[in-house]
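To keep things clear, I will list the structure first and then write my remarks on it.
Values in this text are rule-based calculations from the coordinates and carry no lab data. Since this is a predicted model, take the numbers as computed values, not measurements. Please note: Cβ atoms are built from the backbone with ideal geometry, for glycine as well, and neighbour counts cover all protein chains shown.
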Amino acid sequence: MLSCVSPHLFELLKRLFGTVHDTTMESLRNLQSYPVLRMKCSVSHDSDVTHERVALDGDFLSYAPDEDDRVGVYIAGHPLTPDTCYYETEIIDTGMDGSISIGLCSKRCPLDVHIGCVAESIGLMTDDGSLYREGSKGTQLCTRCECGDRIGCGIRFDQLTEGRGDAICMMVPVYFVRNGKELGTMLVSLPMGGLYPAVGMHSIGEEVRLFLGLNWVPEEDSLMSVDTNEEEWYRLSDIRLNGQDYPKHRHPGWNKGSIGYHADDGKIFIGSGVGAPFGPRCHKGDRMGCGILFPRDYVCQYDSDGGSIELSPSSQTEVDLLELSPDSSDSEDEDWWNNECAVEFSSKVKVFFTRNGKTVGMRQVHIPKGGFFPTIGMLSVQEKVRVDLRPLTG
């Protein structure tokens, strides 16, 4: 923590990142070992970005091979700092081979070698899930990454230490995350100028989406902001703002027994982390609705006193989007599914979604054991919604 930062390390921070502002030091005070994601920003490709054989299209990067079929590399314009110590990459397309490397490197790294295979770099290879540091032999962290996976990489600046030797150097833990679950951490030296988000590609068709400018903040600062006059939202048994039965840090639709229409990309997710095109993106002021069409012969098998809302043959919940962000399954998840849902379904129903009073579409799904609950997921600060649990009754 800040009180443990030696004069040598403080001076090195100044040499690495320039002036150390009060906000940066406050970030060091607030960093924790595994808090939750705070914010996300759209990618701004400025003149400091370096890349070869990688095509840029807003947030999206794709492999653009040359006649020699060399590796393509993208290096962001700004390094990770205590203020923005984390970023994520979503795999849009694995291409022919899935030969994508995601990690950190210095500005001096060559642009024709995968991240982690040269000095002053560390990277995760998505084709086999191996982690490489400065050309060392790979260490297995996970299985092969697929389309829809989100790979995160960050630095824990609150755990920086001084390296051994005559020259002053800084050692920092670099950690990797896959779909919200931490994979592992490796201690690396922090080169002069810092470590930059970087992506390497080497097969036709590969495409990723970058989410830069991310950070981690303490758990208590990440609660959802729910603006509603419906007191019953808080009276629902077994329902809390951060979720109790459903896994934390998972959007509705990402896990079995759930379905969700996502505002940021207009996709629908049905028990999977990979969504399908469904409807338009939603923006501030839009009113998103979700409801269930029950068959005429439907018989409720669950007591509403046990936590479910008493549903009519056509029940609906609506959400007003008040504020949006600037750009707007692991073992734990499987344990939740096995213990709580017990892979036990009742009859099929049709779940429909609306936007500003117009039906976007519907999907026929099984009701999981315990029934469906109105659920909202948020990922970044400034997001705020108003909830109406009885839109059909006023």
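Label separation (THR139 vs VAL49): 3.1 nm, computed from points 7 Å beyond Cα along the C-beta direction. With the simple spin-label model, which puts each label point 7 Å out from Cα in the Cβ direction, the MET362 to ALA64 separation comes to 4.6 nm.
Pairs with C-alpha atoms separated by more than 24 Å, drawn from the list LYS181/LYS267; LYS107/LYS181; LYS256/LYS384; LYS284/LYS358; LYS267/LYS348; LYS350/LYS384, are LYS107/LYS181; LYS256/LYS384; LYS350/LYS384. Derived scalar couplings between HN and Hα for segment 107-114 equal 5, 8, 5, x, 9, 9, 9, 4 Hz in order, rounded to whole Hz, by the Karplus curve 6.51 cos²θ - 1.76 cosθ + 1.60 (θ = phi - 60°), x for Gly and Pro. Close amide H partners of GLU52, meaning residues 5 or more places away or on another chain with modelled amide H under 5 Å apart, are VAL73. Phi angles of segment 278-295 translate, via the Karplus equation with coefficients 6.51, -1.76, 1.60 and θ = phi - 60°, into HN-Hα couplings of 9, x, x, 5, 10, 10, 4, x, 5, 10, 9, x, 9, x, 10, 9, 8, x Hz per residue; Gly and Pro are given as x. Charge tally for LYS107 (other residues, Cβ to Cβ under 13 Å; Lys, Arg +1; Asp, Glu -1): -1.
Between MET171 and ARG281, the modelled label-to-label distance comes to 4.4 nm, taking each label 7 Å out from Cα in the direction of the beta carbon. Extension gain, ASP93 to ASP57, is 11.5 nm, computed as 0.36 nm per intervening residue step minus the present C-alpha separation.
If you take the C-alpha gyration tensor of segment 37-218, multiply each eigenvalue by 5 and take the square root, what semi-axes do you get, largest first, in whole Å? Spell out each step's value before the answer.
Working: eigenvalues 111, 62, 55 Å².
Rounded to whole Å, the semi-axes are 24, 18, 17.
Give me the compactness ratio for segment 246-288, meaning the Cα radius of gyration over 2.2 N^0.38 Å. Each step should come with its number before you reach the end.
Numbers: Rg = 10.6 Å, N = 43, 2.2 N^0.38 = 9.2 Å.
My calculation over the Cα atoms of segment 246-288 gives 1.15.
Residue-wise HN-Hα couplings along segment 180-195, as the Karplus relation 6.51 cos²θ - 1.76 cosθ + 1.60 with θ = phi - 60° gives them from phi, are x, 10, 5, 8, x, 10, 9, 7, 9, 7, 9, x, 4, x, x, 10 Hz; Gly and Pro carry x.
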